[in-house]
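Shown next, in structure tokens, is the structure this report addresses.
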Amino acid sequence: MIIKEISKIKKELCRNCGFCHKYLSCLDNPEECTGCGACVEACPGYARYLKSERVREKIITIIIDKKHYEFNEQITILKALEKAGYTISHFHGEGHVHAPCRTGGCWSCAVLVDGELKPSCVTPIRNGMSIDTGIEAIEEHPPLRMVASFEPHTVGGVGTPHWVKKKSLYAATPRYTEIVAFTQGCILRCPSCQNWPYTYASRGTPLTPEQTAKILESKRQAYHVERITLSGGECTLNNRWLIELLENLRKLCPPEVHLHIDTSTAMLTTDYIDQLVAAGMTDIGLDIKAARLETFAKISGLSSSDLTRRLLQQTWSSVEYLLEHYRDRIFIGIGIVYNNSLITIEEVQEIASRLLAIDPSVQVCLLDYRPEFRRLDLKKPSPGQMLDVWKLLKGMGLEYVTCQTSAGFFGP
């Protein structure tokens, strides 16, 4: 017998939302639970947890990069790779396997399993399976990613220019501004995640960049819009997939079509930004969650202080790099989260001051965070509260401040 972590449920905390069984593929066979923890991260009521139990030991043999290894069954490929000495990293280009979301959505950690791409973070090992982690072998196959939804939007996102939003909202008949694809998977674990069903879902058929581009362009034509947006979840996790998607869209779409990315910013680097612009990105929305580490930790829900610190540093480094090097080449919008249970007015002013020092003309969008996911206790800011913050930022000298409220969009 060995000790193993197995997913369990606290019935008194369960909201009966059905999410874990409807959207998580790893729960199809509960008796074969690998203890990956994806269901724990995804449960809005904290009802799912991992419990250590004694289970029967059954050793199986798998092949990793042509070497034979023996492991106890009911672990994920990612865990097997870690036990075999492979380094696992949240960051692209670091370690043997890039695994940022670890819930089965982004497919950044995909390896070849008997010649087929599979996400290593949620795929269980099987006796006799052959795994290939080689970059060259993997890149012979198109990258894959889960995409939850393709929808038309009227208001757009953080990176949608204010004049485009106004043109849509104040038309005689409100109209759509863009088509949005919501990618699955995220490195953050925000208790107040505003798109959590997209963030944590792993069930479905993954799409190649080419397949995704064709769906987006077809939707764009159907709704007669000139903007395509990638959001999430976190759309920037799978670098190769996103770059190839932009390249495919650039080939399919007329030159006037804008390709817009809305991101938490935390996974961007200067090299990656350069690659995205070169691939065809024309607009970007940067969702800044905090200026201070303790606030970023609270909003992001991350337990590792080192990871939290690095992601916050990358957020601000990317904001500075984009505003200093690309303000005249692409449209840049900044999103500032506001809910007084998550961030203080003083810290919002601190964020604004940092932006003012770089570019007072950057578009800033105040986002009213609503009760969602694990923070149903939040009280959504009233339109009056949001207007007060808007006036404050305008008074500080930011030239273009828009505001999202329950009463609608206003500004700048």
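Just so it is clear, none of the values below were taken in a lab; they were calculated from the coordinates. Worth saying up front: this structure is predicted, and the values here are computed from it rather than measured. With ideal geometry, Cβ positions are generated from the backbone for all residues, glycine too; neighbour counts draw on all protein chains shown.
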Mind pulling the angle between the C-alpha long axis of helix 345-358 and the longest principal axis of the chain? Nearest 10 degrees, somewhere in 0 to 90. 80 degrees
Rounded to the nearest 0.05, FRET efficiency between Ser305 and Thr173 (Cβ-Cβ, R0 60 Å) equals 0.75
Students often get this wrong, so check it: of Lys214/Lys289; Lys214/Lys379; Lys11/Lys289; Lys167/Lys298; Lys165/Lys380; Lys4/Lys66, which have C-alpha atoms separated by over 29 Å? Lys214/Lys289; Lys214/Lys379; Lys11/Lys289; Lys167/Lys298
Please check the chain for the longest run free of GluC sites (Glu not before Pro) that are loop-located per DSSP (anything but H, G, I, E, B) and have at most 14 other Cβ atoms within 10 Å. 257-398
Under-5 Å amide H pairs with Ala110, H placed in peptide plane, nonlocal only: Ser120
If you count, for each residue, the other Cβ atoms within 10 Å and average over each peptide, how do 261-272, 13-24 line up from highest to lowest? 261-272, 13-24
Rounded to the nearest 20 debye, what is the charge dipole size of region 143-223 about its Cα centre when +1 sits on each Lys and Arg Cβ and -1 on each Asp and Glu Cβ? 160 debye
Which one of Ile59, Val147, Gly95 has its Cα pushed farthest toward the positive end of the charge dipole of region 51-172, where Lys and Arg give +1 and Asp and Glu give -1 at the Cβ? Val147
Karplus (6.51, -1.76, 1.60) ³J(HN,Hα), θ = phi - 60°, over region 152-157, in Hz, Gly and Pro reported as x: x, 10, 8, 8, x, x
Could you give each residue of region 237-253 its phi-based ³J(HN,Hα) in whole Hz, using Karplus coefficients 6.51, -1.76, 1.60 with θ = phi - 60°, and x for Gly or Pro? 5, 8, 4, 5, 4, 5, 4, 5, 5, 4, 5, 5, 5, 4, 6, 7, 8
Can you give the helix-only mean residue ellipticity at 222 nm for the chain, where every DSSP H stretch with n ≥ 4 adds -39500 (n - 2.57) and the sum goes over all residues, rounded to the nearest 500 deg cm²/dmol? -9500 deg cm²/dmol
At 0.36 nm per residue, and after removing the present C-alpha to C-alpha distance, how many nm does the segment from Cys17 to Lys379 gain when stretched out fully? 128.2 nm
Name the long-range amide H neighbours of Ala201: under 5 Å, sequence gap of 5 or more, or other chain; modelled H, no Pro or chain starts. Gly185
Quick calc, the chain, dipole around Cα centre from Cβ unit charges on Lys, Arg (+) and Asp, Glu (-), nearest 20 debye, gives 1320 debye
Difference of contour (0.36 nm per residue) and Cα-Cα distance, Ser341 to Gln313: 7.8 nm
Give the lysines whose C-alpha is closer than 21 Å to that of Lys67, dropping any in the same chain fewer than 8 places away, or say none. Lys58, Lys79, Lys83, Lys118
Taking only Cα atoms, what is the 0 to 90° angle, nearest 10, from helix 270-279's long axis to the longest principal axis of the chain? 80 degrees
Rounded to the nearest 0.05, what FRET efficiency is calculated for Ser25 and Gln211 with R0 set to 22 Å and r the Cβ-Cβ distance? 0.70
Given the C-alpha centroids of region 219-242 and region 333-395, what is the distance between them in whole angstrom? 25 Å
Report, largest value first, the span of the C-alpha coordinates of region 344-412 along each principal axis, in whole Å. 36, 22, 16
Extension gain (nm, one decimal) between His325 and Ser89, 0.36 nm per residue minus Cα-Cα: 82.1 nm
Would you look at the GNM of the chain, springs on alpha carbons closer than 10 Å, and say which of Gly185, Gly301, Gly233 moves the most? Gly301
